[in-house]
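What follows is a short report on a single structure.
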Amino acid sequence: METIKSSSSAPVRPGIGRRDFLMAGLAVAAGCLFPYKVSASVSESLSAERTLSFYNTHTGEHLKVVYCEQGTYAPQALSDINHILRDFRTGEVKEIDMNLLNLLFILQQKLESTGAFHVISGYRSQETNSLLNSKSKGVARNSLHINGKAIDIRLPGYDLKTLQRAAIELQKGGVGYYPRSDFVHVDVGRIRYW
């Protein structure tokens, strides 16, 4: 084996050092302990094409769309997503936060699902949110739905507990569990669970 001389008189062998070896071992151990987190972040960064499917439970509309390709978001696809996730009560459309879309993409990758997210509530106008808040303690006055940063969903083929756990493991925002109403809330606000 060839040796390389360092500034000291002791020879240095090329290759991986002790510190690099230990760091690589820690990375492998983390991958074994938290495989979903690692695989989700890897799939997010390596995916050349991001597709989402939605079924709006109130309007009966379906949408399957490639919203990001080679790192570029597709304006028409985003417009179509904004439309299907509109406030179905008022018809008002608002731009959905791309971080929320990416969260949904990562969630479907984690669950290895190709099914459509069933949407119970996407964007909500202030008017709709105020109405729902007056009728239910479970609706926040300043809900992230108003900002296009939250969605209430089901995913056929997965029970709510599995969907909830997968969303919590992502550590990317808030996750609410509503078994009586049959949906899971996910948002891109601060990390919290209820």
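What follows draws every value from the coordinates through simple rules; no lab data is involved. This one's a predicted model, so the numbers in the text were calculated from it and none came from an experiment. With ideal geometry, Cβ positions are generated from the backbone for all residues, glycine too; neighbour counts draw on all protein chains shown.
Scanning residues 5 or more positions from I120 or on other chains, those with amide H under 5 Å from its amide H are D152, I153, R154, with H placed 1.01 Å from N in the peptide plane. For N142 and E92, a Förster radius of 22 Å and the Cβ-Cβ distance give a FRET efficiency of 0.80, rounded to the nearest 0.05. Direction-averaged projected area, Cα convex hull, the stretch 121-161: 3.4 nm², rounded to one decimal.
Size descriptors for the stretch 126-187 (Cα atoms only): Rg and Dmax, in that order, 12.2, 34 Å. For the stretch 36-193, lysine pairs separated by 8 or more sequence positions, or belonging to different chains, with Cα-Cα distances below 28 Å total 26.
How many percent of all Cα-Cα pairs in the stretch 57-194 sit more than 20 Å apart? Every Cα pair in the stretch 57-194 considered, those over 20 Å come to 43 percent. Applied to the stretch 184-192, the Karplus parametrisation 6.51 cos²θ - 1.76 cosθ + 1.60 on θ = phi - 60° returns per-residue 3J(HN,Hα) values of 10, 8, 10, 8, 10, x, 5, 6, 6 Hz, with x for Gly and Pro.
A crude spin-label estimate for the pair Q126 and T162, with each label 7 Å from Cα along the Cβ direction, gives 4.1 nm.
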